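The values are calculated or read from the model by the stated rules, or taken from the named source; none is laboratory data. If you're wondering where the values come from, they're calculated on a predicted model, not measured in any experiment. In this analysis, Cβ positions are derived from the backbone assuming ideal geometry, glycine residues included, and neighbour counts consider all displayed protein chains.
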Amino acid sequence: MQTTFPLTPPNLRFQNRFVETLPGDSDLRNSRRQVTQACYSLVKPTPVSSPALVAYSPEAAAELGLTEDDCRAPWFTELFSGNLVTSTMKPYAMCYGGHQFGSWAGQLGDGRAINLGEIINGNNRRWTLQLKGAGPTPYSRSADGLAVLRSSLREFLCSEAMHHLGIPTTRALSLILTGEQVVRDMFYDGHPKNEPGAVVCRTSPSFIRFGNFEILAARREYDLLEQLVGYTIKTDFPDLNFAPTVDTYLAWFAEVCKRTALMIAHWMRVGFVHGVMNSDNMSVLGLTIDYGPYGWLEGYEPTWTPNTTDAHGRRYCYGNQPYMAQWNLVQLANALFPIVKDEQALQEALDQYRLTFQQQWQRALRDKFGFKTTEKDDDKLISSALDLLTRTETDMTIFFRQLASLSIRETSGEALFAAISEAHYQPDELDDEYVRDMRNWLHLYRLRLLRNESEDAERRAAMNRVNPKYVFRNYLAQLAIDKVEAGDFSMVEELLELFRHPYDEQPEFSRYAVKRPEWARNRPGCSMLSCSS
Ligand code: AMP
Ligand code: MG
């Protein structure tokens, strides 16, 4: 049963600027429809029968001013499952559109996400609290507004893992089982199943996406478009000193381009593949958002995608991500054109994406290989290494950690090769040509490091700060999901703890730093994921 409490729970000061500043849907019914002339619809979460807290993130809670005692209090589970709506909250679903897999998809919107409201924490930082999987909204189209445990657990843990990896991301506060069953056809192949329902509370300064602007431009609601741009700059980009001028809009768009570039360079650095980079899944704050069928490169392979729905076109594969982000920014530029009306200026701002990405990615690569100084042949050395990684299935994460462990005093080709061989998935099937080329490369690399002005220990520490030891491999997620489904929440806690320090050795967790086991190669959830969630 949903209860409306007169008091806000301790420490949560709601200040709902989005709904108080921007026009909302005048229709208050929760029925599926096109919502025009509005940025949001007021809608309450659907109450759930027996919510059970699986896990919470103490760090995300602390950002909000919540203690661990708060997180364990009954009101926490009630509030973040959608059962408790306080009088200071103004729950709403946002209206947005988007380009999905290259085509304009029209109105999408928060079909299963409900923003509870915004709060200002003790440091005067704004956080929007959003429940994902809390029931239908006017934007649910033909779907149910719900989410299942497997996708919710993946979103919860990955958001926090990304945060600790130093990658801009929305955060996750809690993972709660609803006690209800949700029907899903995981691979859209006519085999629907009951799965446990779950709700994640996500937190972010803002959940505004490229698609929030695109829908207004597509509907020619240009006044509203300008209002939303103004709101966003004032609220989330205060350094731009808002003025309602074309120059401010352009400066803002250039900033979105830069932030997006930085985010993508980070993804590429750690081998993260988002899987569904539609323009409705792109945050204007440059945050990783909407964790669905994402994955981490295990064997380094630029054409790899975790999303079976995308297996044919591979639009969102690892190597395409920098281009897809740019493609989405072009869609955002098109949406802003009606209020900027200067194609060349938008193009110049867009160039910031390419420039920033190139600069950040070059730097990330140099850091990954441990180059402290710059030499003219470095790019060649780096690209031949990446070529070699594709010639036999080689675990990206393990390769870079092992590379860091090389000693510049080691001269034997065999020993150099042995140092990285743990990364090979089929060590017995390596052909002679590959072994020869890899040994040659390792010799060149060692010679390069000799001119690097850094000792082994210093270089190793620097490389280990950018090459994580632990990433959220899909099979780890699947193991945790299997356990929660069997009533055992301990692995979620364990992974939360592990991913707090992804760059540290943490020998007690070394079993989680190994190559994907063979059983996971073709198991659904480990190698194959879909948008069904
Ligand atoms: P996604 O691909 O998960 O980013 O979702 C694309 C769109 O579909 C968004 O508008 C979502 O809100 C909506 N959507 C996805 N799953 C559901 C669901 N189970 N119920 C309602 N809407 C959904
Ligand atoms: Mg989405």
For region 90-109, which positions are in a loop (DSSP other than H, G, I, E, B) and touching a Lys or Arg at 6+ places or on another chain (Cβ under 9 Å)? 91, 96, 101, 102, 108, 109
In region 294-305, which residues are among the aromatic types (Phe, Trp, Tyr), away from ligand 2 (no atom under 13 Å from the Cβ) and in a loop (DSSP other than H, G, I, E, B)? 300, 304
Pull up region 64-122, narrow it to residues that are within 13 Å of ligand 2 (Cβ to nearest atom) and among the aliphatic types (A, V, I, L, M), then point me to the one that is farthest from residue 175 (Cα to Cα). 105
Could you list, in sequence order, the residues of region 20-58 that are acidic (Asp, Glu) and in contact with a strand residue (DSSP E or B) (Cβ under 8 Å, 6 or more places away or on another chain)? 25, 27
In region 106-141, anything in contact (Cβ under 8 Å) with a residue 60 or more places away in the chain, more than 8 Å from ligand 1 (Cβ to nearest atom) and surrounded by fewer than 16 Cβ atoms within 10 Å (Cβ to Cβ) is listed as 106, 125
Of (1) at pLDDT below 95; (2) under 18 Å from the mean Cα position of the chain (by Cα); (3) farther than 22 Å from residue 211 by Cβ, residue 312 fails just (2)
How many residues does region 89-105 contain that are surrounded by fewer than 18 Cβ atoms within 10 Å (Cβ to Cβ) and in contact with a strand residue (DSSP E or B) (Cβ under 6 Å, 6 or more places away or on another chain)? 1
For region 190-224, give me each residue that is surrounded by fewer than 23 Cβ atoms within 10 Å (Cβ to Cβ) and in a helix (DSSP H, G or I). 217, 218, 222, 223, 224
State whether one or more residues within region 303-313 are touching an Asp or Glu at 6+ places or on another chain (Cβ under 6 Å) and more than 16 Å from ligand 1 (Cβ to nearest atom). no
Within region 359-372, does at least one residue satisfy the condition of being more than 19 Å from the chain's Cα centre (by Cα), surrounded by 21 or more Cβ atoms within 10 Å (Cβ to Cβ), in a loop (DSSP other than H, G, I, E, B) and at positive phi? yes
Filter result (in a loop (DSSP other than H, G, I, E, B), more than 16 Å from ligand 1 (Cβ to nearest atom) and under 26 Å from residue 347 (Cβ atoms)) within region 253-293: 285, 286
Among the residues of region 261-275, are any more than 16 Å from ligand 2 (Cβ to nearest atom) and closer than 18 Å to residue 126 by Cβ? no
Would region 319-340 turn up any residue that is away from ligand 2 (no atom under 15 Å from the Cβ), in a loop (DSSP other than H, G, I, E, B) and surrounded by fewer than 22 Cβ atoms within 10 Å (Cβ to Cβ)? no
Considering (1) at pLDDT 95 or above; (2) touching a Cys at 6+ places or on another chain (Cβ under 6 Å), say which one residue 488 fails and leave the rest. (2)
Kindly establish whether residue 355 is within 15 Å of the chain's Cα centre (by Cα) and either under 30 Å from residue 223 (Cβ atoms) or away from ligand 1 (no atom under 16 Å from the Cβ) (or both). no
Can you go through 458, 497, 422 and tell me which one is over 17 Å from residue 381 (Cβ atoms), out of contact with any Pro (no Cβ under 9 Å at 6 or more places or on another chain) and assigned by TED's automatic domain parsing to the domain that holds residue 379? 422
May I ask you to verify whether residue 187 is in contact (Cβ under 8 Å) with a residue 12 or more places away in the chain, surrounded by 24 or more Cβ atoms within 10 Å (Cβ to Cβ) and in the same structural domain as residue 82 (by TED's automatic domain parsing)? no
When residues of region 486-533 are limited to those that are within 16 Å of ligand 2 (Cβ to nearest atom) and within 29 Å of residue 58 (Cβ to Cβ), the one surrounded by the most Cβ atoms within 10 Å (Cβ to Cβ): 529
Pick out the one residue from 308, 248 that is more than 16 Å from ligand 2 (Cβ to nearest atom), hydroxyl-bearing (Ser, Thr, Tyr) and either closer than 26 Å to residue 152 by Cβ or in the same structural domain as residue 400 (by TED's automatic domain parsing) (or both). 308
Quick one: would you say residue 192 is at pLDDT below 95 and within 16 Å of ligand 1 (Cβ to nearest atom)? yes
Of the conditions (1) outside any loop (DSSP other than H, G, I, E, B); (2) within 26 Å of residue 491 (Cβ to Cβ); (3) away from ligand 1 (no atom under 15 Å from the Cβ), residue 166 clears all except one; give me its number. (1)
Out of 230, 197, I need the residue that is at pLDDT 95 or above, small (Gly, Ala, Ser) and not assigned by TED's automatic domain parsing to the domain that holds residue 46. Which one? 230
Step by step: first the residues of region 278-293, then only those that are within 10 Å of the chain's Cα centre (by Cα) and within 22 Å of residue 312 (Cβ to Cβ), then the one that is farthest from ligand 2 (Cβ to nearest atom). Which residue is that? 292
Residue 385 being free of Cβ contacts under 8 Å to residues at least 12 places away in the same chain and in a helix (DSSP H, G or I): no
